[in-house]
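What follows is a short report on a single structure.
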Amino acid sequence: MLVGYALVYPFLQPQPVGIAKELAMLGLAGALSVAAVFFAAVVWYAADLRTVLQLVAPEQRAATPNSVWWMLALPYNFIEDFFIIAAVTRSLRQMAAVKPVLQQLSGFGVGTGFGWCAAQIGSLLPNQAGSGFAIVALVCWLLHWRFIRQAKRLLQSL
């Protein structure tokens with residue numbers, strides 16, 4: 001409930017703050033375009049996570065591949081993302097125990113994976129700090145996505 005409130009708070013203020021202010025600066029068409037591109041990227045990222053889990057042997061999986069789609073369920077996803085990243089990390093570690101070639105995956109993306117999850121919570125702050133957290137979240141997310149694509153290529157080569 002707190003995450004839900006934090007998501008709508010900027011839009012309830014007399015003057016736009018936080019994300020509401022940033023979206024207002026873009027105008028309706030710009031805001032819708034940014035939202036559409038971001039949503040498409042999240043769907044693509046979730047599809048890559050799903051593929052990674054599908055490529056992990058079923059007995060090594062910490063979650064079902066389709067569980068990653070919870071990433072799209074606002075505001076639930078702000079908390080669920082931690083569990084998704086933990087499950088993918090655990091699955092890769094368990095798979096690496098039986099397929100040592102996977103041990104070359106650096107840290108299993110823990111820092112960037114949990115980094116973007118934590119920073120997206122911070123991005124809910126309706127001020128400059130929130131904007132800073134949003135930038136950190138975006139950078140960590142892109143780095144984690146790069147890691148996931150590397151893991152996907154390695155798993156596909158097995």
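Values quoted throughout were computed directly from the atomic coordinates according to the rules given, and no laboratory measurement underlies them. Only a predicted model underlies this, so the values are computations on that prediction, with no experimental measurement involved. When we count neighbours, we look across all protein chains shown, and the Cβ atoms used for this are built from the backbone with ideal geometry, even at glycine.
Structure values in brief
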quantity	calculated
Label-point gap, in nm, between A57 and R93 - each point 7 angstrom along Cα→Cβ	1.8 nm
Contour minus Cα-Cα distance for A129 and A47 (0.36 nm per residue)	26.5 nm
Rg ratio (alpha-carbon, reference 2.2 N^0.38 Å) - the chain	1.14
Förster-model FRET efficiency, 35 Å R0, Q13 and W69, C-beta, rounded to 0.05	0.60
Tail beyond 14 Å, pair distance distribution of the range 82-121 (Cα, percent)	46 percent
Helical segments meeting 30 Å axial Cα length and Kyte-Doolittle -0.5 threshold in the chain (DSSP H)	18-55, 77-98, 128-156
The range 127-149 residues near the modelled M25 label - backbone nitrogen below 19 Å, point 7 Å along Cα→Cβ	127-139
Label-point separation, S157 to V139 (7 Å along Cα→Cβ), nm	2.9 nm
Computed over the chain: relative contact order in percent, which uses C-alpha pairs under 8 Å that are six or more apart	25 percent
Cβ crowding within 10 Å averaged over residues, with 84-91, 99-106, 121-128, 28-35 ranked highest first	84-91, 121-128, 99-106, 28-35
